[in-house]
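Everything on this sheet refers to the single structure shown next.
The values are calculated or read from the model by the stated rules, or taken from the named source; none is laboratory data. Quick caveat, the model's predicted, so the values are computed rather than measured. Every residue, glycine among them, receives a Cβ derived from its backbone with ideal geometry; neighbour counts consider all protein chains shown.
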Amino acid sequence: MYRLIERYFEGEITSDEKKLLFSQIEKDSELKKEFISVQNLFAVSSLLPAEDDETKAWAKLKQFRKRRQARTFTNTFKRLTGYVAAVSITLLATWFVMKETPSHIDESLVAYEEFITPPSQRAMVKLSDGTIVWLNARSSLRYPNIFTKGERRVELNGEAFFDVAHNEELPFVVSTEKLNIKALGTEFNVHAYSGKHEFNTSLISGSVKIYNKGEEDNAILLSPNEYVELVNNQLVKRAIDNMDFLLWKEGIYAFDDVAFADIVNKLELYYDVSIQVANKRLDSYKFTGKFRQRDGVENVLRTLQKVCYFRFVKDEENNVITIR
C-alpha cells in the first residue's frame, strides 16, 4: 500500500489501484496518516516561489524515492519543511493536492485548512479541484482539503489571484470580511484585507458576481476587464485600463501616478511595518514606479527619495519608520 501512495502522487496509479488505495485508507488509520504525510511532502514542494527552489525540492523528492523504505515518509517531510522555512513560506496546515476527488471518500476525511503568507512574500496554493490561488503578502486562505457538494467555498483575508477550475455544478465562492465573490470558472483578483477600508475585485476572464452575504439577488455582475471597488460603502464598477496591478504575482509592486500616502499604506500592509510621515510636503506628490517585493520596504523608500528628496530612519526595536 505504501508503494501505491507514492505512485498516486507521481500520477502513475491506475484507476483500479486508486480504488483499492482509498478503500484501504478508509479502513486503516495508520495508512491514512502515511497518506497525509506524503501529500504534505508533495504539496510543500509545489509552493516554493523560485524556480531553483522548486528544482531543489524535487531533487530532494528523487533522493527520497531512491532511499525509500515503507515508513520513512514522515522524516522526509520534516526535512523538506525545514527547507521551506528557510525561504520564509509559512504552512499552517496541510491539504490534498489531487487531480480529481474520488467520489467515495468518506466525509471524515474532509477538514478545513489554512495557508498564510508572511510579510514580503507570496505563494501559490493548488486546491483539490485544480483551482490555482496566488496569495500576496500577509494574506490567508481557509479552505476544505476536499470539495464535496453544493459549492466550493473558501475564505480570504488579504489579496489573492484565483484561476478557478470550471465546474458548472459546483460554483466557486470567495468569502471575505465585506463581500462574497461567486464564479464558475474564471480568473480574477481580490483585494480584501480584514480591518481595512479598501475592497476591490478585478475580472480578467469569465464572469463573476459580487454581493453582500445573504443578498445574492442584488449582486453586481462583472465582465472581463472590469473591476469593482467599495467607495463610501457602495460598489462602483469601472473599466480596467492597466494590468500592472497584477505584477505582484511575479514579485513586483507597481504604482502608477499614486499618491504618496497611498503608497505608504500599501507598504505598511505588505511589509508589516508602521510608517509615520512627518514631512507633510510629500502629501502633494504622486509617484510612478515598479519595485521588487524581495528588495524590502527600505529599498522602495530609497528609490522614491530620488524623485522627491526626504529622509527616513527606522526604529528596528519597535518596527517603525519615520519619514522627515
Q) Only one of (1) over 19 Å from Asn233 (Cα atoms); (2) surrounded by fewer than 18 Cβ atoms within 10 Å (Cβ to Cβ) fails for Glu177. Which number is that? A) (1)
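To keep it simple, each residue is scored yes or no on (1) over 20 Å from the mean Cα position of the chain (by Cα); (2) among the acidic types (Asp, Glu).
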{"position": "Phe245", "(1), (2)": "no, no"}
{"position": "Asp256", "(1), (2)": "yes, yes"}
{"position": "Ala261", "(1), (2)": "yes, no"}
{"position": "Tyr271", "(1), (2)": "no, no"}
{"position": "Gln276", "(1), (2)": "yes, no"}
{"position": "Lys286", "(1), (2)": "yes, no"}
{"position": "Val307", "(1), (2)": "yes, no"}
{"position": "Val320", "(1), (2)": "yes, no"}
Q | Residues of the range 245-274 classified as in a helix (DSSP H, G or I), surrounded by fewer than 16 Cβ atoms within 10 Å (Cβ to Cβ) and touching an Asp or Glu at 6+ places or on another chain (Cβ under 7 Å), total | A | 1
Q) Which numbered condition trips up Glu198, out of (1) acidic (Asp, Glu); (2) in contact with an Asp or Glu (Cβ under 8 Å, 6 or more places away or on another chain); (3) over 25 Å from Tyr271 (Cβ atoms)? A) (3)
Q. Tell me, which residue of the range 138-157 that is surrounded by fewer than 22 Cβ atoms within 10 Å (Cβ to Cβ) and of a type in the set (Gly, Ala, Ser) is nearest to Phe188 (Cα to Cα)?
A. Ser140
Q: Among the candidates Asp295, Asp244, Asp257, single out the residue that is under 30 Å from Glu316 (Cβ atoms) and either assigned by TED's automatic domain parsing to the domain that holds Gly130 or among the acidic types (Asp, Glu) (or both).
A: Asp295
Q | Number of positions in the range 283-314 that are assigned to a helix (DSSP H, G or I), out of contact with any Gly (no Cβ under 9 Å at 6 or more places or on another chain) and crowded, with 19+ Cβ neighbours inside 10 Å | A | 2
Q.
Just checking: which of the strands (runs of 3 or more DSSP E) contained wholly in the range 105-224 hold 3 or more residues that are under 11 Å from the mean Cα position of the chain (by Cα), farther than 22 Å from Met243 by Cβ and not assigned by TED's automatic domain parsing to the domain that holds Val300?
A. 112-116, 140-144
